Amino acid sequence: MVHKVIIIGSGPAGHTAAIYAARAALEPLMFEGLMAGGVAAGGQLTTTTDVENFPGFPDGILGPELMDRMRKQSITCGTDIRTETVDRIDMSQRPFAVHVGEAVYYADSLILATGATARRLHVSGEETYWQRGMSACAVCDGALPLFRNKHLLVIGGGDSAVEEAAYLTKFASQVTMVVRNNQLRASQVMQRRAEHNNKITIRYNAQLHAVRGNDHVLTQADLIRSDGTLETVDTSGIFYAIGHEPNTAFLEGQVSLHDTGYIQTPNQPSMTTSVPGVFACGDVQDFTYRQAISAAGSGCQAALDVERFLNH
């Protein structure tokens, strides 16, 4: 059997693509993944708590609940969802061959929506306080009551770290950037932005070593200095800004990637890749916005692109 479209990935991008493809009578088959990239089916939103910036939920919604609703809508519209992880794809042939364990599935078109995984340090206490004071997205979580008018830490020294720190100053009483080297890696413009913001302080030659808290939330962080000494800092929030890893290893270089590993979609607003019939959406190709709503929008674009591709 040859499917019209196979969708790989199950975050906001994948499910929006599935909803549009199913409504277009394309009978999509989705492989939602089984802890692919170390994240449950549904993507990074399954690791978040309150989502307050997704339209349609004025009182907010829990990340796992939002993804569960998207999944149910995909099924209601007619998507066949398999809780399996794709091992590899053969794009050298038509139809494309999708290998899942010992089974092989064939498709006239593919939508890649495998997302990206935020880099984490996995320090002592991190698993306990992840989403209880620790996050990898200031824009997603920074406005939560948990962090308002509190001292927050941003781990990292690049442009993204400065952007995260500057954003958090809207809500925090003070933001401390923890930089492992003796200078920021950010561009000169971004460095000046950090240095001239009176709500941002920079702790050079330091790394996060461990976190602690009470039964509910994070309250302290241990920093280790370059000379080996430990320093305990009171904080209500820690935000990682040390980059993301796009989940593209299984593609084995068959589509063109940016130097950072994200899939190239050079003909935007189309979600076409370097391989005709293969489309990418969501965080696996977006290293700029990385928001649930922008991922969902690109999933819509990818599905519409697939429909046009198959019609022609």
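The values are calculated or read from the model by the stated rules, or taken from the named source; none is laboratory data. Computed from a prediction, not measured in an experiment: that's the story for all the values here. Every residue, glycine among them, receives a Cβ derived from its backbone with ideal geometry; neighbour counts consider all protein chains shown.
I need the full set of residues from the stretch 2-48 which are among the polar types (S, T, N, Q), in a helix (DSSP H, G or I) and modelled with pLDDT under 95, in order please.
The first filter runs over the stretch 2-48 and keeps only residues among the polar types (S, T, N, Q), leaving 10, 16, 44, 46-48.
Of the ones still in play, those that are also in a helix (DSSP H, G or I) are 16, 44, 46-47.
Scanning the stretch 2-48 gives Gln44, Thr46, Thr47.
Among the residues of the stretch 173-182, how many are at pLDDT 95 or above and either farther than 22 Å from Asn205 by Cβ or in a loop (DSSP other than H, G, I, E, B) (or both)?
Our first condition is that a residue be at pLDDT 95 or above; within the stretch 173-182, this holds for 173-179.
The next check asks that each one be either farther than 22 Å from Asn205 by Cβ or in a loop (DSSP other than H, G, I, E, B) (or both); those that pass are 173, 179.
The qualifying residues number 2.
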* Asked: Which one of the conditions (1) more than 19 Å from the chain's Cα centre (by Cα); (2) modelled with pLDDT under 95; (3) exposed (fewer than 15 other Cβ atoms within 10 Å of the Cβ) does His99 fail to meet, given that it meets all the rest?
  -> (2)
* Condition broken by Leu251, with the remaining ones in (1) crowded, with 16+ Cβ neighbours inside 10 Å; (2) under 27 Å from Arg185 (Cβ atoms) satisfied -> (2)
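Might you let me know whether the stretch 158-172 holds any residue that is in a loop (DSSP other than H, G, I, E, B) and among the hydroxyl-bearing types (Ser, Thr, Tyr)?
Restricting attention to the stretch 158-172, the residues satisfying the condition of being in a loop (DSSP other than H, G, I, E, B) are 158, 169-172.
Imposing the further condition that a residue be among the hydroxyl-bearing types (Ser, Thr, Tyr) reduces the set to 169.
Checked the stretch 158-172: at least one residue is in a loop (DSSP other than H, G, I, E, B) and among the hydroxyl-bearing types (Ser, Thr, Tyr).
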* So Gln191, is it over 30 Å from Phe309 (Cβ atoms), polar (S, T, N, Q), part of a helix (DSSP H, G or I) and without any contact (Cβ under 8 Å) to a residue 40 or more places away in the chain -> yes
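Taking the stretch 232-251 on its own, how many of its residues are among the acidic types (Asp, Glu) and modelled with pLDDT of 95 or more?
Selection size over the stretch 232-251: 1.
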* Asked: So how many residues does the stretch 284-310 have that are modelled with pLDDT of 95 or more, in a helix (DSSP H, G or I) and not β-branched (Val, Ile, Thr)?
  -> 16
* Scan (1) in a loop (DSSP other than H, G, I, E, B); (2) touching a strand residue (DSSP E or B) at 6+ places or on another chain (Cβ under 8 Å) for the single condition Asn198 breaks and write down its number. => (2)
* **Output for the stretch 125-141, where each listed residue is among the small types (Gly, Ala, Ser) and either farther than 22 Å from Asp283 by Cβ or in contact with a Gly (Cβ under 8 Å, 6 or more places away or on another chain) (or both)** => Gly125, Gly133, Ser135
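The rows are residues; the columns are (1) among the small types (Gly, Ala, Ser); (2) in contact with a Phe, Trp or Tyr (Cβ under 7 Å, 6 or more places away or on another chain); (3) surrounded by fewer than 21 Cβ atoms within 10 Å (Cβ to Cβ).
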{"position": "Gln73", "(1), (2), (3)": "no, no, yes"}
{"position": "Ile81", "(1), (2), (3)": "no, no, yes"}
{"position": "Ser109", "(1), (2), (3)": "yes, yes, no"}
{"position": "Ala113", "(1), (2), (3)": "yes, no, no"}
{"position": "Gly125", "(1), (2), (3)": "yes, no, yes"}
{"position": "Trp130", "(1), (2), (3)": "no, no, yes"}
{"position": "Val154", "(1), (2), (3)": "no, yes, no"}
* **All positions within the stretch 41-61 that are surrounded by fewer than 21 Cβ atoms within 10 Å (Cβ to Cβ) and at positive phi** => Gly56, Gly60
* Asked: What is the one condition in (1) buried (at least 16 other Cβ atoms within 10 Å of the Cβ); (2) assigned to a strand (DSSP E or B); (3) not basic (Lys, Arg) that Ala186 does not satisfy?
  -> (2)
* Residue that is surrounded by the most Cβ atoms within 10 Å (Cβ to Cβ), among those in the stretch 132-142 that are assigned to a helix (DSSP H, G or I) and not β-branched (Val, Ile, Thr) -> Ala138
* Could you list, in sequence order, the residues of the stretch 57-85 that are touching a strand residue (DSSP E or B) at 6+ places or on another chain (Cβ under 8 Å) and small (Gly, Ala, Ser)? -> Gly60, Gly63, Ser74
* Being under 17 Å from Ala40 (Cβ atoms) and acidic (Asp, Glu) is the filter here, so list the residues in the stretch 117-139 that pass it. => Glu127
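For the stretch 207-246, which fully contained strands (runs of 3 or more DSSP E) count at least 1 residues that are crowded, with 18+ Cβ neighbours inside 10 Å? It would help to see each step written out before you state the result.
Values: elements: 218-225, 230-234, 237-240, 244-246.
The strands (runs of 3 or more DSSP E) meeting that bar are 218-225, 237-240, 244-246.
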